[in-house]
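Participant: Pasting in a structure now, in structure tokens, and then I'll have a few things to ask.
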Amino acid sequence: MYRAQISALVFGVGGFGALVAATASNEWKVTTRASSVITATWVYQGLWMNCAGNALGSFHCRPHFTIFRVEGYIQACRGLMIAAVSLGFFGSIIALFGMKCTKVGGSEQAKAKIACLAGVVFILSGLCSMTGCSLYANKITTEFFDPLFVDQKYELGAALFIGWSGASLCIIGGVIFCFSISDNNKTPRMGYAYNGPTSVMSSRTKYPGGGDIKTTNPSKQFDKNAYV
């Protein structure tokens, strides 16, 4: 149980870090360098900036100054990735309270519910990231294979693969957290047998020899003849 929850936390936190890196990266789509041999320059774009570089190693980035002139799919991907990062952060905090190896969170049943909640939050974070990266990748591939599209064509950037990897890690960690409840329910409970009340008249002192010695009435030992 402890190892499973620790593994789930490692997956979840690792996925959360990958989502942060993917969201902040500027390499969501890059121009193919095979078509830029003559000029030896290429362009790569992200959710927040457009950058250009050349073979000499110089790079220049320009941020999106206004959101009203940004395409709709980029704004949708921004919202999904921000939601994924936020859910991953809260899922990591909630998971710390639901793990059995920590001393916070209350009883075992309360910890199980908190761990399940952390798993659901991690799964939602992974789904948001998976949806955002897939939406962006679908736009790139649609433009790349469209013969009527005459503008600059791009390829998939490294940030998309980082986002997909982080989403997978978050989903795996969330599933492990959710299945930890079933392991908690399988733990056996200690039972105690009830033998009923013991009668005073039937209680006897037993010895290893097998004989029973009846308890004598102490009032008979102090009759009138004892004082004559």
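The values are calculated or read from the model by the stated rules, or taken from the named source; none is laboratory data. Quick caveat, the model's predicted, so the values are computed rather than measured. As a convention, Cβ positions derive from the backbone with ideal geometry for all residues, glycine included, and neighbour counts pool all protein chains shown. All accessible areas refer to the heavy atoms of the entire protein, side chains included, with ligands and DNA or RNA removed. Shrake-Rupley method; radii C 1.70, N 1.55, O 1.52, S 1.80 Å.
Participant: Among the numbered criteria (1) assigned to a helix (DSSP H, G or I); (2) in contact (Cβ under 8 Å) with a residue 12 or more places away in the chain; (3) open to solvent by 50 Å² or more (accessible area, probe 1.4 Å), which single criterion is violated by residue 93?
Facilitator: Exception for residue 93: condition (2).
Participant: Of everything in region 26-73 that's assigned to a loop (DSSP other than H, G, I, E, B) and among the aromatic types (Phe, Trp, Tyr), which residue is modelled with the lowest pLDDT? It would help to see each step written out before you state the result.
Facilitator: In the first step, residues of region 26-73 are kept if they are assigned to a loop (DSSP other than H, G, I, E, B); the result is 26-28, 32, 37-40, 46-48, 55-58, 64-71.
Going one step further and asking which of them are among the aromatic types (Phe, Trp, Tyr), we end up with 28, 48, 65, 68.
Details: 28: 93, 48: 91, 65: 71, 68: 76.
Among residues in region 26-73 that are assigned to a loop (DSSP other than H, G, I, E, B) and among the aromatic types (Phe, Trp, Tyr), the one modelled with the lowest pLDDT is 65.
Participant: Counting only residues that are over 18 Å from residue 82 (Cα atoms), over 17 Å from the mean Cα position of the chain (by Cα) and without any contact (Cβ under 8 Å) to a residue 60 or more places away in the chain, how many does region 116-158 have?
Facilitator: Result for region 116-158: 12.
Participant: Of a type in the set (Ser, Thr, Tyr) and surrounded by 12 or more Cβ atoms within 10 Å (Cβ to Cβ): is that true of residue 58 in this structure? Steps first, please.
Facilitator: Working: of a type in the set (Ser, Thr, Tyr): yes; surrounded by 12 or more Cβ atoms within 10 Å (Cβ to Cβ): no.
In short, no.
Participant: If I go through region 96-115 residue by residue, how many of them are under 11 Å from residue 9 (Cβ atoms) and either free of Cβ contacts under 8 Å to residues at least 60 places away in the same chain or open to solvent by 60 Å² or more (accessible area, probe 1.4 Å) (or both)?
Facilitator: Keep residues of region 96-115 that are under 11 Å from residue 9 (Cβ atoms), which gives 96, 98-99, 101-102, 115.
If we keep only those that are either free of Cβ contacts under 8 Å to residues at least 60 places away in the same chain or open to solvent by 60 Å² or more (accessible area, probe 1.4 Å) (or both) as well, we get 96, 101-102.
Of the residues in region 96-115, 3 are under 11 Å from residue 9 (Cβ atoms) and either free of Cβ contacts under 8 Å to residues at least 60 places away in the same chain or open to solvent by 60 Å² or more (accessible area, probe 1.4 Å) (or both).
Participant: Could we say that residue 155 is open to solvent by 50 Å² or more (accessible area, probe 1.4 Å), at pLDDT 50 or above and touching a Lys or Arg at 6+ places or on another chain (Cβ under 9 Å) here?
Facilitator: yes
Participant: Checking the condition charged (D, E, K, R) and over 18 Å from the mean Cα position of the chain (by Cα), which residue from 113, 103 passes?
Facilitator: Details: 113 fails: over 18 Å from the mean Cα position of the chain (by Cα).
On inspection, the qualifying residue turns out to be 103.
Participant: Moving on to the next point. Restricting to region 160-193, count the residues that are at pLDDT below 50 and open to solvent by 100 Å² or more (accessible area, probe 1.4 Å).
Facilitator: 4
Participant: Here's a follow-up. Residue 124: open to solvent by 10 Å² or more (accessible area, probe 1.4 Å), at pLDDT 95 or above and either among the acidic types (Asp, Glu) or assigned to a helix (DSSP H, G or I) (or both), yes or no?
Facilitator: Numbers: open to solvent by 10 Å² or more (accessible area, probe 1.4 Å): yes; at pLDDT 95 or above: yes; either among the acidic types (Asp, Glu) or assigned to a helix (DSSP H, G or I) (or both): yes.
It is true that residue 124 is open to solvent by 10 Å² or more (accessible area, probe 1.4 Å), at pLDDT 95 or above and either among the acidic types (Asp, Glu) or assigned to a helix (DSSP H, G or I) (or both).
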